[in-house]
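Read the structure below first, then the notes.
The values are calculated or read from the model by the stated rules, or taken from the named source; none is laboratory data. Keep in mind that this is a model prediction, so the values were computed, not measured. Cβ placement follows ideal geometry from the backbone for every residue including glycine, while neighbour counts extend to all protein chains displayed.
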Amino acid sequence: MALINFRLSGTDETTYSGVNGKSIGWFHLTDGELWLELGESTIYEYTRDSKTVLSDPLKHEFNDYFISRFVEDFSEIFQVISEPLPEFLHRAIETHKTLEDYELWASTFLECDYQEKKYIDTNYEILLTWIYRRSLPANHLIGGPTIWFFRIFDQIQIIWRADHKLPSGTHLWTYPFGEYKMNYDLFVKEVQDFSKRFFTEMNQLISTIDDDASKTFDLEAVLKQNLERQIMFDNDVLRLFTNGLMKKDWETIRRCYENRNV
């Protein structure tokens with residue numbers, strides 16, 4: 001099983017014919033399901049209970065939305081992902097619990113520890129910014145998971161939090177918390193493989209649309225847009241190789257973190 005998996009919905013009339021005869025185009029053709037396989041954990045997979053409680057939004061097994069949204073949001077953090085974290089922060093990202101503990105410490109520090117703030121002056125927000133910038137949220141989903149990507153030398157640590165609960169108290173997602181480590185080069189290859197599979201299937205999907213079904217559908221233009229989107233995404237993937245281009249004042253964070261009360 002690949003790291004990033006998807007299923008396109010297909011070319012039924014509601015997908016591409018639009019409203020009042022107007023063509024929807026490439027973005028809406030990316031409607032489908034998406035999920036990640038991280039070892040034995042599946043991310044973006046709904047629990048069995050969720051399907052019985054929330055019927056309409058959760059009629060599918062996995063994250064049901066426009067896959068283009070994932071492509072755009074994911075590519076935005078590629079360059080930041082490429083920057084390895086300094087060694088002193090490795091213990092903070094060992095598990096989802098250590099990351100949560102760090103966030104709690106940083107938040108408490110910012111609210112209460114005025115004496116220690118001499119280390120950070122007016123730039124105290126950087127204690128948490130390095131986490132936020134490596135996050136892939138899913139605010140477009142009900143109770144959407146957040147996934148973080150942290151590079152550690154030649155590996156990448158992936159941590160997720162998907163702890164949204166239903167009114168019954170049961171979880172919305174099958175794996176509420178977790179972490180998974182893999183080789184960084186393999187991670188990049190998996191992203192490249194996703195690009196190849198997704199844009200190839202999109203090309204095939206677009207090519208199957210019958211012009212008679214939607215006279216306003218510009219087949220040639222959408223095929224061209226698909227190619228342009230693939231080139232754009234593949235160029236973004238290259239930023240995963242830009243190790244060392246990012247500049248960050250890690251020293252401020254180190255002094256605060258290593259001098260914390262433990």
note = Output for Cβ contacts, cut-off 7 Å, separation at least six or different chains, first residue of a type in the set (Ser, Thr, Tyr) in region 88-111, second surrounded by 13 or more Cβ atoms within 10 Å (Cβ to Cβ), reads 95/179; 98/92; 102/92
ask   = Between a first residue in region 62-74 that is on the phi > 0 side of the Ramachandran plot and a second residue that is buried (at least 17 other Cβ atoms within 10 Å of the Cβ) and assigned to a helix (DSSP H, G or I), which pairs have beta carbons less than 9 Å apart while being 6 or more apart in sequence or on different chains?
value = none
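From 175, 180, grab the single residue that is in contact with a Leu (Cβ under 9 Å, 6 or more places away or on another chain), at pLDDT 90 or above and part of a loop (DSSP other than H, G, I, E, B).
Numbers: 180 fails: part of a loop (DSSP other than H, G, I, E, B).
One residue alone meets the criteria, 175.
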ask   = Would region 184-207 turn up any residue that is surrounded by 13 or more Cβ atoms within 10 Å (Cβ to Cβ), assigned to a helix (DSSP H, G or I) and either at pLDDT below 85 or of a type in the set (Ser, Thr, Tyr) (or both)?
value = yes
message = Please go through (1) closer than 29 Å to residue 241 by Cα; (2) at pLDDT below 90 for residue 133 and return the number of the only condition it doesn't satisfy.
response = (2)
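Quick one: which of 230, 225 is surrounded by 14 or more Cβ atoms within 10 Å (Cβ to Cβ), modelled with pLDDT of 95 or more and out of contact with any Gly (no Cβ under 7 Å at 6 or more places or on another chain)? Lay out the reasoning, then the answer.
On the way: 225 fails: modelled with pLDDT of 95 or more.
Answer to the check: 230.
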task = Only residues that are among the polar types (S, T, N, Q) and over 10 Å from the mean Cα position of the chain (by Cα): list them for region 142-160, please.
result = 155, 157
query = Which condition breaks for residue 140 when tested against (1) modelled with pLDDT under 90; (2) farther than 25 Å from residue 252 by Cβ; (3) part of a helix (DSSP H, G or I)?
reply = (3)
